[in-house]
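Taken together, the values in this text are just the output of simple stated rules run on the coordinates, not laboratory data. All values reported here derive from a predicted model rather than from experimental measurement. Cβ placement follows ideal geometry from the backbone for every residue including glycine, while neighbour counts extend to all protein chains displayed.
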Amino acid sequence: MCSRACRILGRRTRRGPRAWACKTPQRRGTSRREPRPSSPQAAPIPGWGFPRISGDTCETRMTRECDSDVPPRQKSQLVPPLNPGSPMIKTVVVALALAAGADAFTAPSSLPLSGVARLSATSARPGRAAGVTMMGYNLQQPKIAKDITELIGRTPLVKLGKIGKDCDAEIVLKLESMEPCNSVKDRIGFSMINEAEKRGDITPGKTVLVEPTSGNTGIALAMVAAAKGYDLILTMPESMSLERRVMLKALGAKLVLTPAPLAMKGAIKKAEDIVASMGGKAYMLQQFNNPDNIKVHMETTGPEIWEQTDGKVDAFLGGVGTGGTITGTTKFLKSKNKKLQAIAVEPEESPVLSGGSPGPHKIQGIGAGFVPNNCDQSVIDQVVKVSSADAMAMARRMAKEEGILCGISSGAAVVAALQVGNTPEMKGKRIVAVIPSFGERCVLVCAPLCVCSRVRFLTKPLTRSLGL
């Protein structure tokens, strides 16, 4: 094994007490042991340096090989007397792992002195590709999912290109728009229903789910409800986009519209009235108060960002709708990096987090007009206000200049990230901003007025047939 490791490293074997590539001793008259056939290398996780180890743990394989081949007095020569966190040590460990027959391997950012003996990797779950990171979080999708809910999460990061080229900070976008139903709310839609099932609060085919929504949470809930067999009633302000209403109807949800001036407060009141009228048959998930909202972001969104950035994240930025994304993700990231800055985004026309008064605005998905219980303001370091006009203009720019079709709240997040990134204290640092949703549900809102008028005229027969 050691000779093979040395060949991988491109170094000659040599003897001596400080030689850091030992030569396996052979008894006279015996033939050299045949090398282990190389295992097919697993595809690396996109964006990661080395592939992962799958199957048996690295610790078990490497210990077994070393014990069988090397006398005790020479085992210390396997590890060089160098800094355990140096690139050379990592290279040696990778070579030894590959020589031991590992399918794939990823070197951690630092290794303890006994790193070779302590390295291990979690075996891939059945039906799921190998790709468990050093934290034990699987960043790869299953090869064949059992249902649509298994495809939620593990969204990619992408750098802000042309729009952010003059920014002093590096802006990285978390594309939650690439969820199965194209928004960050897919995470909480699944989490709230799944956790309620585990507690025995709801049962498919018996319980009717009721929820107030501005669109994205409703779409996520409709997807999960359809997959699990629930009836779903959604209340939504009538100011929300036509595209959202069409999607909700297509997914089988019953939609109840509330007056636009009442915003989300009106939708919440209507949902409570519906639950009260249906007795014990209905169940309200309460995304603004449900702790499962925060929990899913602590368990998935935060770990994903930490792993994908190799722990190099200086600020996390996100819009505040229910408050679950920024609260849960920030709590996890701050447990890893105490100096991380958490930046909340809200509409300039409804600056409730900043102490202002609620008001109407066009940034759908954030700015509910009140501070939700799920929004822990103690973890937020800064609040940035963005106007509806600026958010819509940036959403159009993102599509035309970056090729990223995103919603208005995503435009607001990019505007805020640029503002924060150009401050002196953020120079040379990395900001991760959430792109909450895809742009197909906001096309008519962001498009020029002449286009909107024409499209609405052409779609009138469709909207009437759907009862919208």
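Return the equivalent ellipsoid semi-axes of segment 304-417 as a descending list in whole Å, where each equals the square root of 5 times an eigenvalue of the C-alpha gyration tensor.
Output for segment 304-417: semi-axes of 23, 19, 10 Å.
If we restrict to alpha carbons, what Rg and Dmax does segment 233-372 come to, in Å?
17.2, 51
Please turn the phi angles of segment 430-441 into ³J(HN,Hα) values with the Karplus equation 6.51 cos²θ - 1.76 cosθ + 1.60 (θ = phi - 60°), one per residue in order, whole Hz, x for glycine and proline.
For segment 430-441, the Karplus curve yields 10, 10, 9, 10, 8, 9, x, 8, 6, x, 5, 8 Hz.
Taking every pair of distinct Cα atoms and averaging 1/r, then inverting, what Kirkwood hydrodynamic radius in Å comes out for segment 153-196?
Its Kirkwood hydrodynamic radius stands at 12.1 Å.
In whole Hz and in residue order, list the ³J(HN,Hα) couplings for segment 200-207 that follow from phi through the Karplus curve 6.51 cos²θ - 1.76 cosθ + 1.60, θ = phi - 60°; x for Gly and Pro.
x, 6, 9, 9, x, x, 10, 8
Provide the per-residue ³J(HN,Hα) series for segment 424-429, in order, calculated from phi with Karplus coefficients 6.51, -1.76, 1.60 and θ = phi - 60°, each as a whole number of Hz, with x at glycine and proline positions.
Result, rounded to whole Hz: x, 6, 9, 4, x, 9.
Mind ranking 166-176, 195-205 by how tightly packed they are, going by the mean number of other C-beta atoms within 10 angstrom, highest first?
With the highest mean Cβ count within 10 Å placed first, the list reads 166-176, 195-205.
Before anything else, pin down the relative contact order of segment 257-380: Cα pairs under 8 Å, at least 6 apart, normalised by residue count, whole percent.
Taking the mean separation of contacting Cα pairs over the length of segment 257-380, I get 27 percent.
Considering amide H positions built from the backbone, and no H for Pro or chain starts, which residues 5 or more places from CYS406, or on another chain, come under 5 Å of its amide H?
HN-HN under 5 Å from CYS406: ALA399, GLY439.
Return the lysines within reach of LYS429: Cα separation strictly under 25 angstrom, same-chain partners fewer than 8 residues apart disregarded; answer none if there are no such residues.
Result set, ordered by chain and number: LYS159, LYS162, LYS165, LYS174, LYS312, LYS331, LYS334, LYS336, LYS338, LYS339, LYS385.
How about LYS265: which lysines have a C-alpha closer than 20 Å to its C-alpha, ignoring those fewer than 8 places off in the same chain?
Partners found: LYS185, LYS254, LYS362.
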